[in-house]
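Shown next, in structure tokens, is the structure this report addresses.
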Amino acid sequence: MLWVNIAGMGVIGLIIWWFWLYKSSSVDMSDGVIEVLVKDGVYQPAVIKVPANQESTITFFRADSSPCSESLHIPDLEIAATLRLNKKVDISIPAMQPGRHAFHCQMKMYTGELIVD
Amino acid sequence: MSDEQINRENEVTKSCCHNRNNTPNEPKINKNIHSSSDIYTAQETTIHHLMIEGASCASCVSKIEKALRAVNGVTKAEMNFAQRTVSVTGSVQGAALITAIEIAGYRAKVDTSDSEQEALDEKDKADWAYYKKLMRDMTIALLLGVPLMIYGLVIGEMTVNTNSERLVWFTIGLATLAVMYFSGKHFYVGAYNSLKNHSANMDTLIALGTGTAWLYSMVVVAVPELLPTMARHVYFEATAMIIGLINLGLALEIKARGKTSEAIKRLIGLQAKTARVVRGGNDVDIPIENVMLKDFIRVRPGEKISVDGEVVEGHTAIDESMLTGEPMPVEKQAGDKVVAGTINKSGSIVFQATRVGKDTALAQIINMVKKAQNSKPPIGRLADAISAYFVPVIMIIAVLSALAWLNFGPSPALVFAIVSATTVLIIACPCALGLATPMSVMVGVGKAAEAGVLIRNGEALQTASKITTMILDKTGTITEGEPKVTDVLLTKNYSRKEVLMLAASLEAGSEHPLAMAIVDSAKAQGIDTKKVDGFRSIAGKGVQASCEGKALLFGNEKLMKDKGIVIEQYIEKAQEFAQEAKTPMYFAINNTLAAIISVADPIKSDSIAAIARLQKNGIRIVMLTGDNRLTAQAIAQKVGIKEFVAEVMPEDKANKVAELQEEGEIVGMTGDGINDAPALAHANVGFAIGTGTDVAIESADITLMRGSLHGLADAIAVSKATLANIKQNLFGAFIYNVAGVPIAAGVLFPFFGLLLNPVIAGAAMAFSSLTVVTNANRLRLFKAKNH
């Protein structure tokens, strides 16, 4: 049983590390453009880096029929948008100081992070 | 664009205008307002907003801008490549701009934001297709799961003891795998992608739960000798049933969600699809997106107003109830404004378009409602914070539960461990938490819009439900805001006509409703106003200027005293006027009092009832007015208000709001004028009466589309109902998870021998979200009382 318990604790440690401690690598904006695909339960890429102190545009393309993926929220920036199926939607990001801002769907099942750097 | 193209385009534009200017059969338009040439040539500078199709690269921007700048009359053309829109400024017809863009190789139409109706149709189509897919997935899964579950309930033996049983269960295991692939693929793909992204969601829980059940069952089938005899139980029915039931729950949720957005669908449905534009003496039906600013549009009885505009010909009654909630049709004649989406009831009219596309009031209302529906009140923040940690925490609980059973559970401990871990993963529902707030906001904001109440965001919605004190501006809020001159008391040797002429000349420069009353009175008596010099508005007191060499001063007692005008012998008379709920104003010519002019502003017909309704709901009412104390007192008494503050300077309104806030009150401020803007912004919730100025509406958290104060009571009632609904949803979602997860883990087992079946957990999970959406839909039945 000892080994079972150790394995169980190991799984818990793995969950904590994987979901909370691990820092995902971000995708940088190139030529002022970045496109995020909304498909199969996730944003791809989910971690986006945009330059600080300058306006930028993120294009979301929703290819997921799930109604959950329909809405996009960036609460820190007070942005809420409706993503139409199979259509590109441009989200304008104002010039900001460096920081991290979460974005997600209405139920927080789709999650991502906007890094201003 | 080549020179040849530009020349060609200019020819097209010129030709277009030429033909139009020479059209022999122009519509019979009110000549006092527009000359015939106005009809087809835009004389004034206008900003056109167009949507561009076919622009795929940055170089298209310069090509399109160049093409537009080459059109005669265009002074400025700027394209937003990200939005694929272009703004064009100049004295030019929109049709010429579209032609220029087409010649340049692109397509253009009026910017209607994102063509709401089209988006709505697409959404309905996509939702329907997804619903059908989920129902098909559900059917496939339940076709396997239900017979297996019945077998388990009737026969009770789902164990593997013999080789023939192994073969049968292996075959069923493969069938379950097929169900997992065909009916549950979206869960597994979603879970895999989330894991890759270091995030977790509902898919993760379902995939882990059903995956664990299937994998354990396959181990039982493949190598039963590894497990004790009592632990050789298979759970293929649980896997299939859970997938089937969750798909069913999602499908029903889509149906229920559709109903939550009925209000916005109704608003979008108000938009006309075509407009009958008067061109070349003929009426031409054109798509709404091709209607340009300054186009003349004919509307017959029973037809919808297509864009915002100003009536230039005809007389009619228009039903504006769909936007304002006001049931009585509103009379319209030349010079009156008409709003897109309203319905022409009786006469035939021609109006000129003043706002098209996304600039119409209806488009802006739709936009505002959509934004508000997507916003979240502070009450939802706790659920958001929990959602961020929810799934990994549930995964940890599942592991701890399995370990607890393995360490302390009875035999077969492994089976209990697997069942409890699977059930914990399946019963937990992050969706119910996530949906609790937004679904209620969606319905509540929509319901408010149906009553003519536009709520800017979720925070305003929440705060409005807690208002303890409501400040009401007097003029235009409690009263009609259209005062009329009732008395002119002459105090010097000036004639009534001369006094009115000078007073009206002075007040013509003021936007105050009382000033308008004097100007209107002079106009009604055929008195022309004269030009004044040195006009100056003295905030909260009055105005001054000079006219025909005379120094004019018009305002209240304070102003007269400040300027040293002797009024003492007339104060008593002014007070008499005030006690009759009239507003007396002093008019001095060359530093001598020339007259007291009184105006009265009628109280709105339903102000008394609406104020009583607010007071009945326990809201303290305070009236603020710049008017004198006696007039304010008379009005307050008439409408049943006990607290009032008179002779308030504009900046003092905001101070009064702050003062009440310091007393611990949650203050709502209702106003309609420019001078209310600071107070509206300062209040916990600012309410703008829709008939007020744009400034007031922009400063407000909630806009009442109609002038009635019943809208105020409706707004508070709907916000209270919505908050109550959110609380019910949040409570239900929290309790469901807080109680469900421990029960699934087996906390009741030591006391009652009860351990939840994973299938029941699957059903509970599937219907928990549905319950939240259905409860939010109950708000659709909300009706404001005492109307």
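Please treat every number below as a calculation from the coordinates, not as lab data. Computed from a predicted structure; not experimentally measured. Because the Cβ atoms are built from the backbone with ideal geometry, glycine has one as well, and the counts that use them run over all protein chains shown.
Table for the structure above
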{"item": "For the range B:574-582, Karplus couplings with θ = phi - 60° (6.51, -1.76, 1.60), whole Hz, Gly/Pro x", "result": "4, 5, 4, 4, 5, 5, 8, 6, 9"}
{"item": "Added length on full extension, which subtracts the Cα-Cα distance from 0.36 nm per residue, B:ARG136 to B:ASP487", "result": "118.6 nm"}
{"item": "Cα Rg over Rh - the range B:697-760, Kirkwood", "result": "1.41"}
{"item": "Cut-off under 5 Å, modelled amide H: who pairs with B:ASN80 long-range", "result": "B:THR85, B:VAL86, B:SER87"}
{"item": "Vicinal HN-Hα couplings computed from phi for the range B:227-244 (Karplus, 6.51 cos²θ - 1.76 cosθ + 1.60; Hz; Gly/Pro x)", "result": "10, x, 4, 5, 8, 8, 10, 9, 10, 5, 5, 5, 4, 5, 5, 4, 4, x"}
{"item": "FRET efficiency estimate (nearest 0.05) - Cβ-Cβ, A:ALA7 to A:ASP28, R0 41 angstrom", "result": "0.55"}
{"item": "The range B:727-744 - phi-based ³J(HN,Hα) in whole Hz, Karplus 6.51/-1.76/1.60, Gly and Pro as x", "result": "4, 4, 4, 5, 4, x, 5, 5, 4, 4, 6, 5, 8, x, 5, x, 5, 4"}
{"item": "Largest to smallest principal axis extent of the C-alpha atoms in the range B:143-264, angstrom", "result": "61, 36, 22"}
{"item": "Volume of the Cα convex hull of the range B:635-787, divided per residue and given in Å³", "result": "187 Å³"}
{"item": "Theoretical gain in end-to-end length, B:ALA551 to B:ILE735 [0.36 nm per residue, Cα-Cα removed]", "result": "58.8 nm"}
{"item": "Within straight-line cross-link reach of B:LYS125, lysines at Cα separation under 23 Å, skipping those fewer than 8 residues along the same chain", "result": "A:LYS39, A:LYS87, A:LYS88, B:LYS133, B:LYS185, B:LYS255, B:LYS259, B:LYS265, B:LYS273, B:LYS370, B:LYS371"}
{"item": "Amide H within-cut-off set for B:GLY481, under 5 Å, with H built and near neighbours excluded", "result": "B:GLY476"}
{"item": "Surface/4 estimate of mean projected area, convex hull on alpha-carbon atoms of the range B:539-666, nm²", "result": "9.1 nm²"}
{"item": "Two-decimal Rg to Rh for the range A:25-116 - Kirkwood Rh, Cα set", "result": "0.93"}
{"item": "Residue order, fewest to most beta carbons within 10 Å, for B:LEU323, B:LEU227", "result": "B:LEU227, B:LEU323"}
{"item": "Computed [θ] at 222 nm, helices only, for chain B once each DSSP H run of length n ≥ 4 contributes -39500 (n - 2.57)", "result": "-17000 deg cm²/dmol"}
{"item": "Distance (nanometres) between label positions extended 7 Å along Cα→Cβ at B:LYS523 and B:LYS337", "result": "1.6 nm"}
{"item": "FRET efficiency estimate (nearest 0.05) - Cβ-Cβ, B:ASN80 to B:GLN728, R0 45 angstrom", "result": "0.55"}
{"item": "Positive-end extreme of charge dipole, chain B - chosen from B:PHE236, B:THR529, B:ILE254 (charges on Cβ)", "result": "B:PHE236"}
{"item": "Per-residue mean of C-beta atoms belonging to partner chains within 10 Å, peptide B:494-502", "result": "0"}
{"item": "When the protein assembly as shown is reduced to its Cα atoms, the Kirkwood hydrodynamic radius in Å", "result": "32.0 Å"}
{"item": "Nonlocal amide H pairs with B:LYS530, under 5 Å, H built at 1.01 Å", "result": "B:SER505"}
{"item": "17 Å cut-off, amide nitrogen to a point 7 angstrom out along B:GLU118 Cα→Cβ, residues in the range B:288-310", "result": "B:288-292"}
{"item": "Rough spin-label spacing in nm, given labels placed 7 Å along Cα→Cβ, for B:ASN282 and B:THR774", "result": "5.8 nm"}
{"item": "Largest to smallest principal axis extent of the C-alpha atoms in chain B, angstrom", "result": "121, 74, 44"}
{"item": "Flagged links, alpha-carbon separation over 26 Å, of B:LYS638/B:LYS720; B:LYS541/B:LYS573; B:LYS466/B:LYS642", "result": "B:LYS638/B:LYS720"}
{"item": "Cα centre as origin, Lys/Arg/Asp/Glu Cβ charges: chain A dipole, Debye", "result": "300 debye"}
{"item": "R0 of 30 Å, Cβ-Cβ distance B:THR171-B:LEU748: FRET efficiency to nearest 0.05", "result": "0.25"}
{"item": "Cut-off 12 Å between beta-carbons: net charge of the residues surrounding B:SER387, Lys and Arg +1, Asp and Glu -1", "result": "+2"}
{"item": "Chain lengthening between B:SER91 and B:ARG266 when straightened (0.36 nm per residue, less Cα-Cα)", "result": "59.4 nm"}
{"item": "Percent RCO, i.e. relative contact order, over chain B, from Cα pairs under 8 Å lying at least 6 residues apart", "result": "12 percent"}
{"item": "Shielding by partners, peptide B:127-134 (average Cβ within 10 angstrom, other chains)", "result": "2"}
{"item": "19 Å Cα-Cα reach of A:LYS23 towards aspartates and glutamates, excluding residues that sit fewer than 8 places from it in its own chain", "result": "A:GLU113, A:ASP117"}
{"item": "Virtual spin-label span in nm between B:GLN579 and B:ASN407, 7 Å along Cα→Cβ", "result": "8.7 nm"}
{"item": "Value of relative contact order over the range B:276-388, rounded to a whole percent, pairs C-alpha under 8 Å and six or more apart", "result": "28 percent"}
{"item": "Relative contact order %, the range A:25-116, counting alpha carbon pairs below 8 Å whose residues are six or more apart", "result": "31 percent"}
